[in-house]
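What follows is one structure encoded as structure tokens, with my remarks underneath.
The values are calculated or read from the model by the stated rules, or taken from the named source; none is laboratory data. Only a predicted model underlies this, so the values are computations on that prediction, with no experimental measurement involved. So basically every Cβ, Gly included, is an ideal-geometry build from the backbone, and we count neighbours across all protein chains shown.
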Amino acid sequence: MKFFVDTAEIDQIKELNDLGMVDGVTTNPSLIAKSGRDILEVTKEICSIVSGPVSAEVVALEADDMLAEGRKLAKIADNIAVKVPLTWAGLKTCKTLTDDGIMVNVTLCFSANQALLAAKAGATFISPFIGRLDDLNMDGLELIEDIRTIYDNYGFETNILAASIRSANHMSECAKIGADVCTAPPNVIKAMANHVLTDKGLAAFMADAEKAGIKIV
Ligand code: E4P
């Protein structure tokens, strides 16, 4: 499973990228706003750090305007994936950009039917939002499972990019189901390293090392 990092914060992207933990980046208008930077400028900087797909989202609602924005975003770098919402206008834009050879990430997916439409429109990535479904007491992981089954039934090549990841547990569950990619905030990726027994075991080893006066360098 590929790891995308869901942020527009350069330092955090660099730190994880240097560790080989970043196969791509996703941003959205909220994350760009949080960075306080110009979308074109910050996206260009991210693309210069990460060689995998970098999703940059349109902000228009009509297909013609989305297309113009998508084409402008795609010119930033070869690894841009234009992110469009899962609306009828977004699907039209997806089809046109895909036909032009541009990667498209269809976002704000909350149902298997929406994912089926995105695949038919040739999306490179479909982004089902797990956490936002869980917030409503619905089952985000079940949606990933359903989309996996449907795409495999028919050989759709659209990559399932599990999004709105809230916990380390979401990451391993998505990997078990067979999501192609998970995009997660940096703190969730780092939290995957945590285990209470690791902390406990390390504390015991350190205490014994000190008692025995073990020195290595
Ligand atoms: C994905 O591409 C989105 O940017 C993101 O995962 C949304 O996550 P949130 O529901 O935590 O805002």
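Six or more apart or on different chains, Cβ atoms under 7 Å: show the pairs whose first residue is in region 109-124 and under 13 Å from Thr149 (Cβ atoms) and whose second is part of a loop (DSSP other than H, G, I, E, B).
Ala119/Phe156; Ala119/Thr158
When you look at Ala119, is it within 12 Å of the ligand (Cβ to nearest atom), modelled with pLDDT of 95 or more, in contact with a Phe, Trp or Tyr (Cβ under 7 Å, 6 or more places away or on another chain) and not basic (Lys, Arg), yes or no?
no
Residue pairs, Cβ under 6 Å, 6 or more apart or interchain, first in region 1-28 and farther than 21 Å from Ser172 by Cβ and in contact (Cβ under 8 Å) with a residue 24 or more places away in the chain, second assigned to a helix (DSSP H, G or I) and polar (S, T, N, Q). List them.
Short answer, once both residue conditions are applied: Ala8/Ser35.
Here are Ala193, Ala212: which of them is farther than 30 Å from Val25 by Cα and without any contact (Cβ under 8 Å) to a residue 40 or more places away in the chain?
Details: Ala193 fails: farther than 30 Å from Val25 by Cα.
When all the criteria are applied, what remains is Ala212.
So how many residues does region 9-31 have that are within 10 Å of the ligand (Cβ to nearest atom) and under 16 Å from Ala81 (Cβ atoms)?
Selection size over region 9-31: 6.
Among the residues of region 1-27, write down those that are buried (at least 20 other Cβ atoms within 10 Å of the Cβ), assigned to a loop (DSSP other than H, G, I, E, B) and not β-branched (Val, Ile, Thr).
Ala8, the sole residue that qualifies.
For region 181-197, name all the residues that are outside any helix (DSSP H, G or I) and out of contact with any Leu (no Cβ under 7 Å at 6 or more places or on another chain). Spell out how you get there, then give the answer.
Applying the first criterion (outside any helix (DSSP H, G or I)) to region 181-197 yields 181-185, 192-195.
Hits for region 181-197 are Cys182, Ala184, Pro185, Met192, Ala193, Asn194, His195.
If only one of Glu69, Glu62 is surrounded by fewer than 15 Cβ atoms within 10 Å (Cβ to Cβ) and either more than 15 Å from the chain's Cα centre (by Cα) or within 16 Å of the ligand (Cβ to nearest atom) (or both), which one is it? I'd like the intermediate steps shown before the answer.
Values: Glu69 fails: surrounded by fewer than 15 Cβ atoms within 10 Å (Cβ to Cβ).
Answer to the check: Glu62.
Among the numbered conditions (1) within 15 Å of the chain's Cα centre (by Cα); (2) more than 16 Å from the ligand (Cβ to nearest atom); (3) free of Cβ contacts under 8 Å to residues at least 24 places away in the same chain, tell me where Ser51 comes up short.
Here Ser51 clears every test but (3).
Residues being aliphatic (A, V, I, L, M) and either under 30 Å from Ala118 (Cα atoms) or modelled with pLDDT under 95 (or both): count how many of those fall in region 156-214.
Selection size over region 156-214: 14.
Any idea which of (1) assigned to a helix (DSSP H, G or I); (2) within 16 Å of the ligand (Cβ to nearest atom); (3) in contact with a helix residue (DSSP H, G or I) (Cβ under 9 Å, 6 or more places away or on another chain) is the one Leu40 doesn't satisfy?
Leu40 satisfies every listed condition except (2).
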